[in-house]
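Everything on this sheet refers to the single structure shown next.
Here, each number is a calculation from the coordinates, and none is a lab measurement. This structure is a prediction, so every number in the text was calculated from the model and none was measured. No Cβ is skipped: glycine too gets one built from the backbone with ideal geometry, and neighbour counts run over all protein chains shown.
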Amino acid sequence: MAQLGALSLAGQPLEAVSSFKYLGITFSASTCIAGAAAPARAVRAAARAAMHSCNARCAALGVKAAPLQLRLFSTMVDAVLSYGSEVWGMQLAAASAAGKTSSTAGSKAERLHLAHVWQPWAQQLAAALAAMGVQLDLHLPQPVCKAAVQSACSAWQLKQLQDAATRKGASRMQHYTQGVCGGTLDADSLGTRAAYLTVVRERSRRAPLAQLRTGSHWGADETGRWDKIPPEQRLCSHCGGGVKTVQHMSFDCPLYASLRTRFTDLFCLLPEPRTLHAFFQHPPARLANFAASLKLQWQVAHDAAALP
Ligand SMILES: [Zn+2]
């Protein structure tokens, strides 16, 4: 079914397997979920031991205050009982803890108690989804539309990114959203893996390109941030002709003039005024070669300047 569904996460296809192990519990395509939760019996025994231990410690230490006893119960017993419950479900855990087929008033009360104790994770999920505009009624659970959740989450993520880029001093974020992406980011493009991450396999070429794209590079515009130098004073040490941004290194700095001639195909057809957005539309492999050469040339000049 997973193979038919062709599920994906962040644009990457999820591998379909017939069984997998999570938190010590093996889930198999040929076993019902209750079968997978069979180890819950061991959990029940461990929880019982933990409860006796908790009671014994309370008695030995003379702990009688109910709030303290409840806190100890939460720490020592609930933690054991709820182990892995996010996958095998609190109903199964409650059934296991209260006696599988028992329908006595005591077991019902215990089920209610456990349902109450383990509610918070469901509430946290509902609250997180509600923040993204997806309402989840825990009292009347309805099937969740995967496409609606995906769309709402992408829109939420895009808004977070856009809000972050408008904050004062968010120059690196603006470099990416406005410079590299040209203000064209949309919810769909957020879930799409940048082509260079797949095309450029060698880390030595991929990393410098990633640095230029993200703005987290080796130039003064970035390194000056570490030394708390005001942005307008992070000048290029090679030419002094401007703040050492990706734009300056790629298009303007005379230090890299010969490099631009070598990579003339990246520059000759760029419309004026040159923009990073248009520049980064070039084939990723070629851009990666340029970025690696740019960094190498900077390193050589930097090392030469550091010599006594
Ligand atoms: Zn320069």
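So how much slack lies between Ser74 and Ala207, counting 0.36 nm per residue of separation and subtracting their Cα-Cα distance, in nm?
Full extension of this stretch gives 43.2 nm more.
Given the Cα-Cα distance of Asp186 and Val17 and 0.36 nm per residue of separation, how much length would full extension add, in nm?
57.5 nm
Set the bar at 27 Å for Cα to Cα. Now go through Lys168/Lys244; Lys159/Lys295; Lys146/Lys168 and name every pair that lies beyond it.
Beyond 27 Å between Cα atoms: Lys159/Lys295; Lys146/Lys168.
Of the listed peptides 274-287, 62-75, 241-254, 8-21, what is their order by residue-averaged count of other C-beta atoms within 10 Å, with the highest listed first?
Ranked by mean Cβ neighbours within 10 Å, highest first: 241-254, 274-287, 62-75, 8-21.
Under a point spin-label approximation (7 Å from Cα along Cα-to-Cβ), what is the Ala10-Asp137 distance to one decimal in nm?
Once both label points are built, they end up 3.5 nm from each other.
What does the charge dipole of the stretch 127-226 about its Cα centre add up to, to the nearest 20 debye, if the Cβ of each Lys and Arg holds +1 and the Cβ of each Asp and Glu holds -1?
400
If you take every residue apart from Ala285 with its C-beta less than 13 Å away from the C-beta of Ala285, what net charge results, scoring Lys and Arg +1 and Asp and Glu -1? The partial results should precede the final answer.
Details: positive: Arg201, Arg205, Arg206, Arg286; negative: Glu202, Asp265.
With Lys, Arg at +1 and Asp, Glu at -1, the net is +2.
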